[in-house]
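This report concerns only the one structure given below.
The values are calculated or read from the model by the stated rules, or taken from the named source; none is laboratory data. Source: prediction; values computed, not measured. Using ideal geometry, Cβ is built from the backbone for each residue, glycine included, and neighbour counts are taken over all protein chains shown. Side chains included, ligands, DNA and RNA excluded: accessible areas come from the protein's heavy atoms. Shrake-Rupley method; radii C 1.70, N 1.55, O 1.52, S 1.80 Å.
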Amino acid sequence: MRNQADSLLGTVVENHGAVFDVLLDDRIVRCILRGRLKKDKRRTVAPVAAGDRVHVSLLERDRGVIEQVLPRTAELARSAAGSEPLQQTLAANVDQAVIVFAAAEPRPDFYLLDRFLVVATAAGLRRVVCINKCDLVPLDGLSQQVSCYAGVSDDLLYTSALRGIGTAELAELLKDRRSVICGPSGVGKSSLLNAIAPGLALRTGAIGEVTHKGRHTTSSITYLQLPFGGWVADTPGLRQLGFWEVAPEDVAAAFPDLEPYLGRCRFPNCSHRGDEGCALTAAAGAGEVDPRRLRSFLQLGGR
Ligand code: GDP
Ligand code: ZN
């Protein structure tokens with residue numbers, strides 16, 4: 001094994017299946033993994049993800065081998081689709097998840113938004129909910145559906161990448177933080193990043209996610225350095241976000257709006273689906289909690 005002194009510390013910026021781009025100071029080095037790293041004990045799609053800090057030994061100026069992956073401070077992960085469950089880390093060493101949905105085109109799927117919030121909350125990340133394309137719908141109708149997220153996330157933003165609305169606030173939230181930006185495809189993630197940091201010049205306008213067949217969906221996740229400090233891992237449109245190691249308590253933690261009513265039903269095995277003496281059903285009926293949020297909670301396995 002090589003001496004650690006020979007190796008250089010860098011950050012993984014992109015994952016191309018078995019090959020990884022690593023940022024070393026100011027250049028990108030294309031790396032493969034040292035064989036023993038592939039024998040990861042955890043059941044993962046890949047032992048290395050965008051945002052990982054790694055030791056690299058150089059083969060040439062722009063080619064190398066990842067020798068070691070430093071322990072992660074946090075990660076955003078999902079369960080990869082397939083017959084046997086595997087963990088897929090979307091981004092490593094992040095502090096914050098920016099969850100982007102569109103006010104329209106595509107119509108927001110609030111159940112999926114709630115699912116993103118559960119995963120980000122379980123990962124211990126700061127959570128920003130960003131509702132983009134606000135130019136397309138009247139704000140009062142929208143805020144009725146969305147305002148519950150003000151109390152549920154750390155920040156709720158209404159933006160329009162097209163009109164430059166809310167983009168300065170988003171930049172402020174990204175500054176000096178390590179963020180992962182996620183959400184379905186076509187909601188304007190790339191457009192927002194381009195609006196706040198034009199130098200990134202990301203491709204936009206992709207209609208629908210490119211569908212990759214098979215389990216190892218390696219639609220790549222890119223790590224981008226922001227010119228004003230901080231970085232963002234830009235994920236491709238995620239249509240699915242299977243839970244990986246998410247417990248019912250994690251679900252409850254993402255529903256602080258329901259929390260005051262949990263454990264207050266008459267029967268301990270209450271299904272919260274209209275049972276007699278159910279505190280949650282009563283609260284939804286009285287307009288104290290949003291019935292849609294309660295449906296999400298139950299669908300996501302909350303108890
Ligand atoms: P991504 O897949 O989430 O990265 O979405 P893109 O940034 O590629 O945007 C998808 C489409 O929505 C493109 O045609 C954009 O021009 C459009 N778009 C992005 N942001 C806005 C917005 O704020 N308002 C409107 N009306 N369209 C937008
Ligand atoms: Zn109940």
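How much net charge surrounds Ser160 when only other residues with a Cβ under 10 Å from its Cβ are counted (Lys, Arg +1; Asp, Glu -1)?
+1
Run the accessible area of region 58-212 with a 1.4 Å probe and give the carbon-and-sulfur part as a rounded percent.
That share works out to 51 percent.
Which whole number in µm²/s is D for region 89-234 by Stokes-Einstein, with the Kirkwood Rh taken over Cα pairs at 25 °C and 0.890 mPa s?
Value of D from the Cα-based Kirkwood radius: 158 µm²/s.
Hey, could you get me the Stokes-Einstein D for the chain, Kirkwood radius over alpha-carbon pairs, 37 °C and 0.692 mPa s, rounded to whole µm² s⁻¹?
159
Return the whole-Å distance between the Cα centroid of region 106-148 and the Cα centroid of region 281-303.
About 17 Å separates the Cα centre of region 106-148 from the one of region 281-303.
Whole-Hz ³J(HN,Hα) for each residue in region 12-17, computed from phi via Karplus 6.51 cos²θ - 1.76 cosθ + 1.60 with θ = phi - 60°, x for glycine and proline: what do you get?
6, 9, 7, 10, 10, x
Counting helices only, and only those DSSP H runs with n ≥ 4, report the 222 nm mean residue ellipticity of the chain as the sum of -39,500 (n - 2.57) divided by its residues, in deg cm²/dmol to the nearest 500.
-6000 deg cm²/dmol
Between 0 and 90 degrees, rounded to the nearest ten: what's the tilt of helix 110-122 against the longest Cα principal axis of the chain?
60
Can you tell me the accessible area per residue over the chain, all protein chains present, probe 1.4 angstrom, in square angstrom?
Using a 1.4 Å probe on heavy atoms only, each residue of the chain averages 49 Å².
Quick one: net charge around Ala282, please, counting Lys, Arg +1 and Asp, Glu -1 for every other residue with C-beta under 11 Å from its C-beta.
So the environment of Ala282 carries a net charge of -1.
Determine the sum of side-chain charges near Cys265: Lys and Arg each +1, Asp and Glu each -1, restricted to other residues whose C-beta is under 13 angstrom from that of Cys265.
Net local charge, Cys265 excluded: +2.
Please list the non-local residues whose amide H lies under 5 Å from the amide H of Phe243, H modeled 1.01 Å from N, same-chain partners needing a gap of 5 or more.
Here Ser79 satisfy the definition.
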